[in-house]
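Colleague: Here it is, the structure in full.
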Amino acid sequence: MKVYRNMPRELVDGWATSIVNHAGGQTFDFHYHEVEEWLEVLEGDICFVSAGGVEYPLFQTQALNIPQGEVHQVRVGPNGVKYNMWLSAEVSDEDFSKKLGNQDLSLINKNLEVLKAEDSEDREFYRAFFDDFLFEEFTFRGADRKLLNKRAFLERAPANFTRIESDSIRILHQSPGIVLLSTVVHTQPKAGGARSSFTNFRLFVTEGDVGRCRVWINYPEPGD
């Protein structure tokens, strides 16, 4: 998500638009939308919270972009809020917000712990975490384009860079037993140098009541 001082209306020309009002003090639990959303606050204030807990407060005239699939929570200010909303495609009120259950939230929180586990100097902790996180028939494609299976991933040597936590999780597809999500990971060489960013795509398959990562692909972010 990203906050703007003013709404860049040229980016939403031709999009479906509507005026939305929320009473003061309302909260909306973690959810996502299958369409991209822009909004511009007309009156009052509202705060959006990312999956990683970063707050994005919005006040009058300010705008926010919510990418498709971005997991977020909403808190309305005490005096309520009125905003103009643009959607990249028309969607019914019933289908607009995809609510997340306890199993979904557990999977999201587990993904937020991945960077800590990858950077851990405790290799027993690293292997235990990913042994549980990864599907047995797991495939990993690193930014170097090399493919690893689960055993090779568990035996990886520590990286020569530090991973910087991202607050964003996006659900790109969800169907019974399958979740495809993405997150952006930033890396900083331990010896110094320029930071790089990578989009991580992770496909999860449910085993029993637990979703485990079946495929994990890393791509450099544009411009890196």
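Bear in mind these aren't lab numbers, they're just calculated from the coordinates by the rules spelled out. Being a predicted model, the structure only gives us computed values, none of them experimental. Neighbour counts run over all protein chains shown; Cβ positions are idealised from the backbone, glycine included.
Colleague: Report, to the nearest 10°, how far helix 102-112 tilts away from the longest principal axis of the Cα atoms in the chain, using its own Cα long axis and a range of 0 to 90°.
Modeller: 60 degrees
Colleague: Here is a further query. Compute the distance from the alpha-carbon center of the range 54-94 to that of the range 194-216, in whole Å.
Modeller: Using only Cα atoms to place each centre, the spacing works out to 27 Å.
Colleague: Angle between the Cα long axis of helix 123-133 and the longest principal axis of the chain, 0 to 90 degrees, nearest 10?
Modeller: Its long axis makes an angle of about 60 degrees.
Colleague: Among 205, 158, 19, which residue has its Cα positioned farthest towards the positive end of the charge dipole of the chain, with +1 placed on the Cβ of Lys and Arg, -1 on the Cβ of Asp and Glu, and the dipole taken about the Cα centre?
Modeller: 158
Colleague: Once fully extended, how much extra length lies between residue 94 and residue 201, figured as 0.36 nm per residue of separation less the alpha-carbon to alpha-carbon distance?
Modeller: 35.7 nm
Colleague: So which residue, out of 166, 50, 18, gets the largest mean-square fluctuation from a GNM of the chain using Cα contacts under 10 Å as springs?
Modeller: Highest fluctuation of the listed residues: 18.
Colleague: How big is the range 2-99 along each principal axis, measuring the range of its Cα positions in Å and listing the largest first?
Modeller: Cα spread of the range 2-99 along its principal axes, largest to smallest: 33, 28, 23 Å.
Colleague: Determine ³J(HN,Hα), in whole Hz, for all residues of the range 16-21 in sequence, where each value follows from phi through the Karplus function 6.51 cos²θ - 1.76 cosθ + 1.60 and θ = phi - 60°; x replaces Gly and Pro.
Modeller: 5, 9, 7, 9, 10, 10
Colleague: Students often get this wrong: which residues of the range 207-222 have the backbone nitrogen under 16 Å from the point 7 angstrom along Cα-to-C-beta of residue 2?
Modeller: Only 221-222 fall inside the zone, counting backbone N under 16 Å.
Colleague: With the cut-off at 23 Å, tell me which of the pairs 2/98; 99/150; 82/110 have Cα atoms farther apart than that.
Modeller: Too far apart for the 23 Å limit: 99/150; 82/110.
Colleague: Cβ under 10 Å from residue 88's Cβ, residue 88 left aside: what net charge do those residues give with Lys, Arg +1 and Asp, Glu -1?
Modeller: -4
Colleague: Give the residue list of chymotrypsin sites (Phe, Trp or Tyr not before Pro) in the range 1-64 that are DSSP loop and have at most 16 other beta-carbon atoms within 10 angstrom.
Modeller: Loop-located and lightly packed - 59.
Colleague: Another one. Report the full-extension gain for the segment residue 13 to residue 209: residue separation times 0.36 nm, less the Cα-Cα distance, to one decimal in nm.
Modeller: 66.2 nm
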